[in-house]
1. Quick check on my filter: what residues within the stretch 90-128 are closer than 12 Å to residue 76 by Cα and touching a strand residue (DSSP E or B) at 6+ places or on another chain (Cβ under 9 Å)?
2. Hey, residue 120 hits all of (1) assigned to a loop (DSSP other than H, G, I, E, B); (2) of a type outside the set (Phe, Trp, Tyr); (3) modelled with pLDDT of 95 or more but one; which does it fall short on?
3. Residues that are at negative phi and among the charged types (D, E, K, R): which helices (runs of 4 or more DSSP H) entirely in the stretch 123-238 hold 3 or more of them?
4. Just checking, which of 44, 4 is out of contact with any Leu (no Cβ under 7 Å at 6 or more places or on another chain) and either among the aliphatic types (A, V, I, L, M) or under 20 Å from residue 191 (Cα atoms) (or both)?
5. Tell me which of these residue 195 doesn't satisfy, since it passes every other one: (1) under 23 Å from residue 176 (Cβ atoms); (2) surrounded by fewer than 16 Cβ atoms within 10 Å (Cβ to Cβ); (3) touching a Gly at 6+ places or on another chain (Cβ under 9 Å); (4) not acidic (Asp, Glu).
6. Just to be sure before I move on: is residue 35 in contact with a strand residue (DSSP E or B) (Cβ under 9 Å, 6 or more places away or on another chain) and outside the structural domain of residue 170 (by TED's automatic domain parsing) in the structure I sent?
Amino acid sequence: MPKSVICDMDGVIYRGNELIPGAVEFVEQLQRGGHKFLFLTNNSKHTPRDLKRRLEMLGINVSEDHFYTSGMATALFLQSQKANGSAFVIGDAGLTNALYDVGYSITEHSPDYVVVGETSSYNFELIVKAVRLIEGGARFIATNPDLVGPTEFGNVPACGCLTAPIERATGIRPYFVGKPNSLMMRIALRKIGDHSENTIMIGDRMDTDIVAGMEAGLKTCLVLSGVTTMDMLDKFPYKPDVIVDSIAHIDLSAM
């Protein structure tokens, strides 16, 4: 039975708007070999349709059902906690659309939750509103704990950085839904329709991708094309099953 693959995107398939060499051939390997696969990203900015079109522009064609984001997982989690609730959102379309899809309303007036995801529209006014709403009783949720994300120009602040001033001001730590939360991995395995022992997790981050895959019982493969470098590996008390320079060096038939 072909191995199933759960694969991160940022730093694995692309960096910013640049395709990582070998990504096209890797996706062709997935399709040609009949592998079940899911692109699982902690970046909540985009919808599956956005991600599909982004890959199409870079020369890769896959259907929307092969994408799942931390924004979608966050919306699913909130729906399970409080159906048809409300949220004040610091985030982009991928997160707000996912919340609308599960029946949530977006509001600044007595929301059930304050939800933070990736966004380039971040300012002091939003921080103040979030702090006041949390102090007023709203529960604090974030899509993922990533501190930085890779781009073609270098790393940029990610969701974990955006939650920091709100956490310091309120003294309340958000609940992070995305990787390495095992909730995200369970959702991914259900969506892909396979068991952990037949699934490989491919990612560029030791603190999210690799630890999440390891704790869920998946074989793990670290690519060095994103955030993690070889010099950083000794800082972690766990290690991936496989380490490669980039996705171009992965042969699924040998894993």
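The values are calculated or read from the model by the stated rules, or taken from the named source; none is laboratory data. These figures come from a predicted structure and were not determined experimentally. FYI the Cβ positions are ideal-geometry reconstructions off the backbone, even for glycines, and counts take in every protein chain you see.
1. 95, 98, 99, 100, 104
2. The number of the failed condition is (3).
3. On the way: elements: 124-135, 159-170, 182-192, 211-215.
Here the list reads 124-135, 182-192.
4. Numbers: 44 fails: out of contact with any Leu (no Cβ under 7 Å at 6 or more places or on another chain).
Result: 4 is the single residue among 44, 4 that is out of contact with any Leu (no Cβ under 7 Å at 6 or more places or on another chain) and either among the aliphatic types (A, V, I, L, M) or under 20 Å from residue 191 (Cα atoms) (or both).
5. (1)
6. Numbers: in contact with a strand residue (DSSP E or B) (Cβ under 9 Å, 6 or more places away or on another chain): yes; outside the structural domain of residue 170 (by TED's automatic domain parsing): yes.
Here the answer is yes, as residue 35 does meet what is asked.
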